[in-house]
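The structure appears below as structure tokens.
The values are calculated or read from the model by the stated rules, or taken from the named source; none is laboratory data. Keep in mind that this is a model prediction, so the values were computed, not measured. Backbone-built Cβ (ideal geometry, glycine too); neighbour counts: all protein chains shown.
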């Protein structure tokens, strides 16, 4: 009878084990020094304990996984995955609506597909959380969303349905619309809409309800940004475009996140003074168009200067339509960024930038059990991801 019970247990899906113990040669917690010969206990989707094998006793009813290296689940700071699909056909490309250059009312939650095969692909490379949504190429392309990459519906995977407002300043806009055609026109059009939103916000606060304007989805989204409820995610790569983004943020008191930032290494002092946050382009992006002067040492240079960097996968027009931040961070390390800072750039740094560091980004007691198990150095090309755990469920497993 016991033999039959054991066989049935082995045949059960791994994800059904609610109580998991991980024994690893090295645990990179990110929040503190690496733990050698460490143990992590997981229960009810959360990290119950983390420490050395000498400190933590594994209960008998826990399913044990062995690993050489364990890191927090990786966080992609900026992507269009789930909006831009792998098939690269019109039916699965919802990341950019080209009917108008300014559409802040477009919600990512209405278009994100958690079952898109690219979501599964990046999950198997250790990406457990993604900040995705409307892409580059419009002055205001729409809203962004923060999701877990686990299986489920949009309602079960979403962390924040409206995280930021995606904007673009630069040649990417002019290539999609007849107007604006120049940088000056781009900034003029954005400023015009923000001034309208300021007026809308003032009128909506009138104590006399009869004097309030009709509710406007477009103005409401811009108003949230003006009030600081959401951040302004502005893709700007050339130095002149980065400075335009900084000026806009000063004029309208925006919480600025500079995305792409290909020439940020030329404006280190200006960026520091502006207090803008930075999501840096994929390290292996191509040097063309607005990114012609991209520098693969930027992550190292900005970090050395005291600017916190998060590395993104961004957007690619060609199949397979996405990059993998694990490889992009590894490339940044190859170009001078330290191992620790490289890991932070795809874990705790984006977690803080996205305002979710109370849940993810490091391995600490009480946080979501989002973990990646590796059979070697995470940034070595020959290393493989052996398991990915999201909210305490093993979403991917392969024999070490």
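Determine whether the range 286-297 contains at least one residue that is surrounded by 16 or more Cβ atoms within 10 Å (Cβ to Cβ), within 19 Å of residue 350 (Cβ to Cβ), within 21 Å of the chain's Cα centre (by Cα) and in the same structural domain as residue 195 (by TED's automatic domain parsing). Spell out how you get there, then give the answer.
From the range 286-297, those surrounded by 16 or more Cβ atoms within 10 Å (Cβ to Cβ) are 290-291, 294-296; that's our starting set.
With within 19 Å of residue 350 (Cβ to Cβ) added as a condition, the list becomes none.
The answer is no, given that none of the residues of the range 286-297 is surrounded by 16 or more Cβ atoms within 10 Å (Cβ to Cβ), within 19 Å of residue 350 (Cβ to Cβ), within 21 Å of the chain's Cα centre (by Cα) and in the same structural domain as residue 195 (by TED's automatic domain parsing).
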- Of the conditions (1) in contact (Cβ under 8 Å) with a residue 40 or more places away in the chain; (2) out of contact with any strand residue (DSSP E or B) (no Cβ under 7 Å at 6 or more places or on another chain); (3) surrounded by fewer than 24 Cβ atoms within 10 Å (Cβ to Cβ), residue 344 fails just one. Which one is it? (3)
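Condition check: in a helix (DSSP H, G or I), in contact with a strand residue (DSSP E or B) (Cβ under 7 Å, 6 or more places away or on another chain) and assigned by TED's automatic domain parsing to the domain that holds residue 347. Does residue 122 satisfy that?
Details: in a helix (DSSP H, G or I): yes; in contact with a strand residue (DSSP E or B) (Cβ under 7 Å, 6 or more places away or on another chain): yes; assigned by TED's automatic domain parsing to the domain that holds residue 347: yes.
Criteria met by residue 122.
Checking the conditions here, which among 222, 254, 233, 201 is part of a loop (DSSP other than H, G, I, E, B) and either more than 15 Å from residue 309 (Cα to Cα) or out of contact with any helix residue (DSSP H, G or I) (no Cβ under 6 Å at 6 or more places or on another chain) (or both)? Give the steps one after another, and end with the answer.
Numbers: 222 fails: part of a loop (DSSP other than H, G, I, E, B); 233 fails: part of a loop (DSSP other than H, G, I, E, B); 201 fails: part of a loop (DSSP other than H, G, I, E, B).
Criteria check complete, one pass: 254.
It is to be established whether one or more residues within the range 243-265 are under 18 Å from residue 316 (Cα atoms), in the same structural domain as residue 144 (by TED's automatic domain parsing) and surrounded by fewer than 22 Cβ atoms within 10 Å (Cβ to Cβ). Explain how you work it out, then say what you get.
Filtering the range 243-265 down to residues under 18 Å from residue 316 (Cα atoms) leaves 259-262.
Checking which are in the same structural domain as residue 144 (by TED's automatic domain parsing) leaves us with 259-262.
If we keep only those that are surrounded by fewer than 22 Cβ atoms within 10 Å (Cβ to Cβ) too, we end up with none.
No: the range 243-265 contains no residue that is under 18 Å from residue 316 (Cα atoms), in the same structural domain as residue 144 (by TED's automatic domain parsing) and surrounded by fewer than 22 Cβ atoms within 10 Å (Cβ to Cβ).
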- Do we have any residue at all in the range 75-90 that's surrounded by fewer than 19 Cβ atoms within 10 Å (Cβ to Cβ), in contact with a helix residue (DSSP H, G or I) (Cβ under 9 Å, 6 or more places away or on another chain) and in the same structural domain as residue 319 (by TED's automatic domain parsing)? yes
- Task: Test residue 69 against the criterion of being assigned to a strand (DSSP E or B) and either exposed (fewer than 11 other Cβ atoms within 10 Å of the Cβ) or at pLDDT 95 or above (or both), and give yes or no.
- Result: yes
- Message: What's the number of the only condition in (1) touching a residue at least 12 places away in the same chain (Cβ under 8 Å); (2) under 22 Å from residue 324 (Cβ atoms) that residue 93 fails to meet?
- Response: (1)
